[in-house]
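The values are calculated or read from the model by the stated rules, or taken from the named source; none is laboratory data. What you are looking at is a predicted structure, and each value in this text was computed from that prediction instead of being measured. Glycine gets a Cβ as well: all are built from the backbone with ideal geometry, and neighbour counts include every protein chain shown.
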Amino acid sequence: MVIVMQEGASDAQIQQVIDRLIASGFNVHRSTGESHTVLGAVGVHRDFDHRDFELLDGVREVMRITQPFKLASRQFRPEGTIIDLGRGVKIGGPDVVIAAGPCSIESPEQINSIAESIAKSGAKILRGGAFKPRTSPYAFQGLGEKGLEMMKTAAEKHGLFTVSEVMDLSQIPMMSGYVDMFQVGARNMQNYFLLRALGETRKPVLLKRGMSATMEELLLSAEYMLAGGNFNVALCERGIRTFETYTRNTFDIAAIPVIKKLSHLPMMADPSHGTGRRDKVAPMARAAVAAGADGLLIEVHNDPDHALSDGAQSLDPAQFDQLMRELRIIAPAIGRTMAA
């Protein structure tokens, strides 16, 4: 249930509604917009008559949310969520924010070279894998904390924020000192113990859609973190598994406008994993921005042909720079902007 307070409702009136909700068995989450306060009430409780809340002082409207995802619903925060990383970088605002970098951090020289090139092209976030969930146990598994140190050093040198995948809740305290945003990969989208732990933090989280997950399942996974109090969550379409074999995954462009209608959370896209082919990354990146994506994750490597992982879907710096030039033409056509 969502309760929208009247414009100018007093703190006492808002608190009276919160107290009444708690007494009725709800957990209450407060969202303050530009002109209205919205109260989201969720939880297992006895039957109640929502009209009782409509009569309380300061209440403008009471709405029942029929979707299983309550706090992630667009009804809870109609104006949309904006994740403010700092220094003017906001995911979910007018700017299309680009995160770029290698699938795996390999060496200080590699990550620094990539960070320098993507920063010059206009990216704001350096992505890089330190703990790599690989299908084969014999494949390169990442450099771990040593890799995170390399990425943090390179990002600070070139004025970038950082995002990297967290694999287990035990890694959260250690990684917090190196990343500005946690990434939850497709394989962990329904790792509910991890999601609950991330919900107890306030650091931003990038949640990728599982390769066989429905959009409702993606939003319910986000709900775990929102229910814990962390509303700094961005969703990411990264391709789903279908019967098609020409591309690594089937990149679901339709998920972008659908999720943005259903939810207030920012929606990003990863065309690198979505296609698995370097020659398809740029077309799908352009399509994702045109479809309304709030940001992109692009795999970039200074020497893709010799990358330790996912070189086939990584752009080189020149290709990435060309893509950024193209995106700056597309973004204004749909009322968005991109950093120069």
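Give me the residue from the stretch 113-143 that is part of a helix (DSSP H, G or I) and among the polar types (S, T, N, Q) and, out of that set, surrounded by the fewest Cβ atoms within 10 Å (Cβ to Cβ). So that I can check it myself, show each step before the final result.
Narrowing the stretch 113-143 to residues part of a helix (DSSP H, G or I): 113-121.
When the remaining residues are screened for being among the polar types (S, T, N, Q), the result is 113, 117, 121.
Working: 113: 17, 117: 19, 121: 20.
Filtering the stretch 113-143 for residues that are part of a helix (DSSP H, G or I) and among the polar types (S, T, N, Q), the one surrounded by the fewest Cβ atoms within 10 Å (Cβ to Cβ) comes out as 113.
Tallying residues that are within 21 Å of residue 110 (Cβ to Cβ) and either in contact with an Asp or Glu (Cβ under 9 Å, 6 or more places away or on another chain) or surrounded by fewer than 20 Cβ atoms within 10 Å (Cβ to Cβ) (or both) within the stretch 161-184 yields 7. Within the stretch 1-22, being among the aliphatic types (A, V, I, L, M), at pLDDT 85 or above and either more than 16 Å from residue 226 (Cα to Cα) or touching a helix residue (DSSP H, G or I) at 6+ places or on another chain (Cβ under 9 Å) (or both) holds for 3, 4, 5, 9, 12, 14, 17, 18, 21, 22. Scanning the stretch 95-112 turns up no residue that is in contact with a helix residue (DSSP H, G or I) (Cβ under 6 Å, 6 or more places away or on another chain), within 25 Å of residue 329 (Cβ to Cβ) and either among the hydroxyl-bearing types (Ser, Thr, Tyr) or surrounded by fewer than 17 Cβ atoms within 10 Å (Cβ to Cβ) (or both). Once the stretch 82-94 is narrowed to residues that are touching a strand residue (DSSP E or B) at 6+ places or on another chain (Cβ under 7 Å) and in a loop (DSSP other than H, G, I, E, B), the residue that is surrounded by the most Cβ atoms within 10 Å (Cβ to Cβ) is 92. Restricting 106, 79, 34 to residues that are assigned to a loop (DSSP other than H, G, I, E, B) and at pLDDT 95 or above narrows the list to 106.
Does the stretch 48-65 include one or more residues that are surrounded by 19 or more Cβ atoms within 10 Å (Cβ to Cβ) and closer than 22 Å to residue 230 by Cβ? Looking through the stretch 48-65, none of the residues is surrounded by 19 or more Cβ atoms within 10 Å (Cβ to Cβ) and closer than 22 Å to residue 230 by Cβ. When the stretch 32-69 is filtered for residues that are in contact (Cβ under 8 Å) with a residue 60 or more places away in the chain and under 27 Å from residue 214 (Cβ atoms), the ones remaining, listed by number, are 42, 63, 64, 65, 67, 68, 69. Of all residues in the stretch 10-31, which are in a loop (DSSP other than H, G, I, E, B) and either under 21 Å from residue 223 (Cβ atoms) or under 32 Å from the mean Cα position of the chain (by Cα) (or both)? Within the stretch 10-31, 24, 25, 26 qualify. Quick check on my filter: what residues within the stretch 289-311 are in a helix (DSSP H, G or I) and either surrounded by 15 or more Cβ atoms within 10 Å (Cβ to Cβ) or β-branched (Val, Ile, Thr) (or both)? Passing the criteria: 289, 290, 304, 311.
Residue-by-condition table, conditions (1) within 13 Å of the chain's Cα centre (by Cα); (2) modelled with pLDDT of 95 or more; (3) over 20 Å from residue 103 (Cα atoms):
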site	(1), (2), (3)
178	no, yes, no
203	yes, yes, yes
209	yes, yes, no
214	no, yes, yes
227	no, no, yes
237	yes, yes, no
244	no, no, yes
252	no, yes, yes
